[in-house]
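Below is one structure, written out as structure tokens, with a few remarks after it.
The values are calculated or read from the model by the stated rules, or taken from the named source; none is laboratory data. As the structure is a prediction and not an experimental result, all values here were calculated from the model. All Cβ positions, glycine included, derive from the backbone under ideal geometry; neighbour counts span all protein chains shown. We work out accessible area using only protein heavy atoms, side chains counted, and drop any ligands, DNA or RNA first. Shrake-Rupley method; radii C 1.70, N 1.55, O 1.52, S 1.80 Å.
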Amino acid sequence: MEEIAVEYGISRLRRGDVTILVQDDWGVELILLQGLLRRELAGRGARETAGPKAEQEAAETGPSESEGGSEEGRGGLGPGRPGGGEIDAPVEDLGRSRERRGESAQTDSKEEPPGSLRRQGSWKPGDQETGTFRETYWEVPGALQGERGEAEGQGPGLVEVPAGEEAQLAEAPDAVRRPTIRFSLQARSRLQSQRSAVGCPSSSVINELAKMGDPDVLEMMQEEERRASGEKRFFEVSEQDLSSRESSFLISEEPRFKKDEQSKDSIFFRDGIRQIDFVLSYVDDIKKEAELKAERRKEFEENLRKIGLELEIEDKMNSEDGKTYFVKIHAPWEVLVTYAEVLGIKMPIKESDIPRADKIPFSCMLGPLKLPRNVKHPHAEYFTAQFTRHRQELFLIEDESSFFPSSSRNRIVYYILSRCPFGIEDGKKRFGIERLLNSHTYSSAFPLHDGQYWKPSEPPNPVNERYTLCQNWARFSYFYKEQPFNLIRDYYGEKIGIYFVFLGFYTEMLLFAAIVGLACFIYGLLSMHDNSSSTEICDPEVGGQIIMCPLCDVMCDYWRLNSTCWASKFSHLFDNESTVFFAIFMGIWVTLFLEFWKQRQARLEYEWDLVDFEEEQQQLQLRPEFEAMCTHRKINAVTKEMEPYLPLCSRIPWYFLSGATVTLWMSLVVACMVAVIVYRLSVFATFASFMESEASLKHVRSFLTPQITTSLTGSCLNFIVILILNFFYERISAWITKMEIPRTHQEYESSLTLKMFLFQFVNFYSSCFYVAFFKGKFVGYPGKYTYLFNVWRSEECDTGGCLVELTTQLTIIMTGKQVFGNIKEAIYPLALNWWRRRKARTNSEKLYSRWEQDHDLETFGSLGLFYEYLETVIQFGFVTLFVASFPLAPLLALLNNIIEIRVDAWKLTTQYRRPVAAKAHSIGVWQDILYGMAVLSVATNAFIVAFTSDMIPRLVYYYAYSKNAIQPMRGYVNNSLSIFLIADFPNHTVPSEKRDFTTCRYRDYRNPPDHEEKYFHSMQYWHVLAAKMTFIIIMEHVVFLIKFLLAWMIPDVPKDVVERIKREKLMTVKILHDFELNKLKENLRMNSSDFAKHLIIQENKVHLAKSAT
């Protein structure tokens, strides 16, 4: 003891002063000089009573014996408060040999002096930061203080609790048991000496083991920290809040769990301190596999504890249904910092000095559309760096419990859960929560919402971001407001956040297309009565005198052209001079949309700190299913590390099965489309004869023609078939993709996206392609019609072309899909949640706990966002691929998306469990699909204008065949109809009733019966065809030229964003450089101080040896 006192400059040191001595495996000794602390407190109390004068005298005379010796011995205790508080007590490491320290540990800590303060619990590495201790004193009011505190001469408000009275104090009411003083002892950072690498795993090894889900990774990390802390000589004082992992040297407060007193919205463990980061649930299984499932759960939860997670299990008796167990999971600081480094999470190091780029043109006019600033920007901007546990001093850590946002915490925990093993079965290592969920070992796994969505949270719960989102985002009355993208990202993660950014940006761009499309529609509406073609068709002297050939064999009769008067006017709404302009405009619009989206995405990457985000950190991580199935390993050519490997020969059978399945289902779609065509052909004659014979339909016959009636019913039937096929294919494609065993998450999503999009493309667009490019093009002519399967005569277009029918088909499928999708997204989770609450015989508001409320919500699922993207991309196809036939398509899409945003926000906030946060820096493969559809849309719209609409034939007639200079288009209808001699009808096709006319007309450019090449295509047909092909070539080249020029002129990354990125990189490098430089300087100073102190100690030993001799 004398040597210890001499070594540390303490003038007097009693054996009773050294009450606790902890020695770990690496020779680190942490000594709490408890008696010195008591004397210091007593001395401070005396000085406060004596007043400032006494303090001045004490300062002049120096430290007294009662104050604990020299200043170095006292260690500079912090100011005491009568009501309690925090007192800093430095502890210094003894620089002695391991044997001497071990001996000291045995002799000085054998027994505790009577009346000394008791210590409850024990410290172990990992409870706090390395070398940190916490002590809690209890303030005892009134009588207790008078009876014991003053009797023993303690400072006011401080009570020593003997062992026998500890239980009485633990059961005392809250007024008695109030924590007043905490001690926080934290190791001071210093330069580490060179140490052997043997037995000390490196950071890269630990990170790789963490990626593989090794349950011993936390022990290895703590071993590394202990080895590092074994070489530290000095400890600094730090004040910290009481946390769940603290170990008390006095009486620890252990709140007893009372079910009727705990808040329903609590998101903490029973101690009210440790936050719940994830919840697992399961129900007792009475089947044969019950023991196996219980063993899996036991092994899984033991491995989670080994990794470092803390678990708290709620018995089924505490659940509302009396059947469900809940496993609450908390990730302590050590686990968070380890896996934050593994996942490459960026955290703030300094507040940014770069101003926000919020100012936009005409921003003053957009005031009603803006959200409050604290909602739009809930947090300040920071310079960030990838987190590393060895540089924690670099980061702005004000509070460990709130340093990592809840989205990062649940992402880290899910990463651990997805890789944690639960045993070996059939000779293979089994791991991952997904496998346990699929086997029903656990029934659910989800992170908690912040609280109830209809009211803010109450202390001590953190700010309820769910309530803020519900009030400012998920309300339908806020449809005109901007979205709180930063808050969405903070709560749900970047992957969901970027989807809503994309959907919002797409909706904003649709506004311009919708305005132009609506203007084109209004132009067609206003010019409808001035259209010469519809005027001639409706004129009894023109259209009423033209006899048309039957539309079907035998059962159909001849008809007059003016019976399609209303249909011709309706066709002019969408087939007019503005059609060409709108088709070209949409080709340019889609280019601007994609280029501006690239800029928006680049700005988003900067704002959300995703500039240096690498796919390897998230998407290129190996899937647990792939690792479980692999029996081979090989060296990665990039990382030079061993990784699982699956030979190509093992995958080829599944690839063939996958390709065959997709081809089969696409063929099934085509077969269903042919079946709908057969339906239309077979019922057309029935509709035609019924509408002719039924007198009650005389008034509707003018606008409800057999063609339109057949088209409407066929489109509705086709839509129903599309939904049915889509329902089954979604499940089959997901199963096939899993069987392919994709290596990474990115490969899995890409493979599933390719399958789903190809099928959806064929499923939703095949009927539109048929009407636009095939119907009426291969009909033949009267007397020589083409037949489908030699049974049904091919369909013909209306006299005004097939554009009206294409518009009808597009409107029914597009509108029906959007209405059905929104109803399904809103009603389906609402109905399921109602049914769950009904089964529980209660309402969600009356449920006991936060985790039970979330448990009764619907699961968003890992593919939930995939289907949202798929729905948006299919809608994008309707807007771009066939927009020339339906200029109102952008307007319908705009109205749908305004509702879609709020429906998605409402269901995510109120009806679904909180999804696991995930990172993404773009919309991924969907962007490539959008580019492909944009290129295809130029061709499809050019072909629609050329072959489906009547625009090119009218232009050819206007410039080449018109003979009326005053009204150039007069006579166009008669010119576009060819003549057929009724006597040339085959007997099996001629109508049964005889007529008194000898010819009928049909839509085509063919020679008349008296021509030497009768019924062959006339020269005008070839002129029109050449004009159509010329128009396609010119339009495609013009639009593509404009597209490429715009793409070249518009940079992918805005100039101001490039400058901001450069500025942030420069500042980050400067901050890191200054940090390392200051750390080096501090370590050099501490090294010199150590050397000087060592010399003084050696000199003292020499003097002692000389004096002894």
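So the values come out like this:
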{"quantity": "Amide N proximity, the stretch 756-776 versus Leu664 label position 7 Å along Cα-to-Cβ, cut-off under 20 Å", "calculated": "756-763"}
{"quantity": "Sites Ile588 and Met1019, calculated FRET efficiency, Cβ-Cβ separation with R0 60 Å, nearest 0.05", "calculated": "0.95"}
{"quantity": "Extended-chain gain in nm, criterion 0.36 nm per residue less alpha-carbon gap, Asn987 and Tyr961", "calculated": "5.7 nm"}
{"quantity": "Cβ-defined net charge surrounding Val674, 14 Å radius [Lys, Arg +1; Asp, Glu -1]", "calculated": "+1"}
{"quantity": "Net charge of neighbours whose Cβ lies under 12 Å from the Cβ of Tyr492, counting Lys and Arg as +1 and Asp and Glu as -1", "calculated": "+2"}
{"quantity": "Anisotropy class of the stretch 493-535 from Cα gyration tensor, a/c 1.5 cut", "calculated": "prolate"}
{"quantity": "Packing-based ranking, highest mean first, of 976-987, 1039-1050, 576-587 given that Cβ atoms within 10 Å are counted", "calculated": "576-587, 976-987, 1039-1050"}
{"quantity": "Contour minus Cα-Cα distance for Ser352 and Glu577 (0.36 nm per residue)", "calculated": "75.5 nm"}
{"quantity": "Rounded FRET efficiency, nearest 0.05, which uses the C-beta distance separating Asn975 from Met1067 and R0 of 60 Å", "calculated": "0.20"}
{"quantity": "Residues of the stretch 903-1005: accessible area per residue with a 1.4 Å probe, Å²", "calculated": "43 Å²"}
{"quantity": "Amide proton proximity set for Phe422, modelled H, under 5 Å, gap of 5+", "calculated": "Arg430, Phe431, Gly432"}
{"quantity": "Over 29 Å between alpha carbons, listed pairs Lys376/Lys1079; Lys1081/Lys1101; Lys963/Lys1014; Lys306/Lys919", "calculated": "Lys376/Lys1079; Lys1081/Lys1101"}
{"quantity": "Contour excess over end-to-end distance, with Cα ends at Ile652 and Lys428 and 0.36 nm allotted per residue", "calculated": "78.4 nm"}
{"quantity": "Pairwise label distance in nanometres, Ala1108 with His390, each label 7 Å out on the Cα-Cβ vector", "calculated": "4.2 nm"}
{"quantity": "Percent carbon-and-sulfur accessible area, the stretch 359-493, ignoring ligands, DNA and RNA, probe 1.4 Å", "calculated": "55 percent"}
{"quantity": "Computed label-point distance, nm, for sites Lys634 and Glu458 using a 7 Å Cα→Cβ extension", "calculated": "6.2 nm"}
{"quantity": "Per residue, in Å², the accessible surface of the stretch 288-353 once ligands and nucleic acids are set aside, probe 1.4 Å", "calculated": "40 Å²"}
{"quantity": "Ranked by how many other beta carbons lie within 10 Å on average, peptides 1055-1066, 525-536, 443-454 from highest", "calculated": "443-454, 525-536, 1055-1066"}
{"quantity": "Accessible-area composition of the stretch 925-1049, carbon plus sulfur, in percent [1.4 Å probe]", "calculated": "63 percent"}
{"quantity": "Distance (nanometres) between label positions extended 7 Å along Cα→Cβ at Glu541 and Ile823", "calculated": "5.1 nm"}
{"quantity": "Members of Lys824/Lys907; Lys287/Lys323; Lys598/Lys1043; Lys264/Lys455; Lys287/Lys428 lying beyond 18 Å, as alpha-carbon distances in this model show", "calculated": "Lys287/Lys428"}
